[in-house]
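Every read-out reported here was derived from the displayed coordinates using simple, explicitly stated rules and does not represent laboratory data. What you see is a predicted model; the values in this text were computed from it and never measured. Reconstructed Cβ throughout: ideal geometry from the backbone, glycine too, with neighbour counts over all protein chains shown.
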Amino acid sequence: MPIDRLERVNVLVRREIASAIPSVMANSGIDLAALMVTGVRVASNLRNATVSVSILGHEHERGAMLGALRSRHAEFQKIINRNIRLKYTPVLRFVLDDSVEKGDHVLDILSKMEGEEDGGEELKVEG
């Protein structure tokens, strides 16, 4: 399968999963605002897909939240099968993506460094 087409499939599957999360996970008791689908990698044979999910906050509940997503993978696959025409409906595997959290941490460090530099310059101006 050409790479360009595979990228379009990745985007379509990501969009379907992201839009289906509120309805599929509605009565699961987890914080849906903390879930974000950051990416999807569909295999070139369309048989499998890895869904990267970021969970903001909820450090102690991440395992349970990811487990809830994994337990409902069949419902997500039905939605994909219904809304996207593919030769095969990929089997979904949900994995935790901590890149957003790492990025937030780096930005926090940079803002602290910037605050320290600004504070140092203010002292020089006053003195």
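Tabulated data
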item	result
FRET efficiency for ASN48 and VAL106, using Cβ-Cβ distance with R0 set to 41 Å, rounded to 0.05	0.85
Longest exposed-site-free window of the chain, the sites being trypsin sites (Lys or Arg not before Pro) in a DSSP loop that have at most 10 other C-beta atoms within 10 Å	1-84
Dipole magnitude of the chain about its Cα centre (Cβ charges: Lys, Arg +1; Asp, Glu -1), debye to nearest 20	1780
Among SER44, SER52, SER111, residue whose mean-square fluctuation peaks in a GNM of the chain (springs only between Cα atoms under 10 Å)	SER111
Gain on full stretching of the segment that runs from LEU96 to GLN77 - 0.36 nm per residue minus C-alpha separation	5.0 nm
The chain: angle of helix 3-24 to the longest principal axis, Cα-based, in degrees nearest 10	90
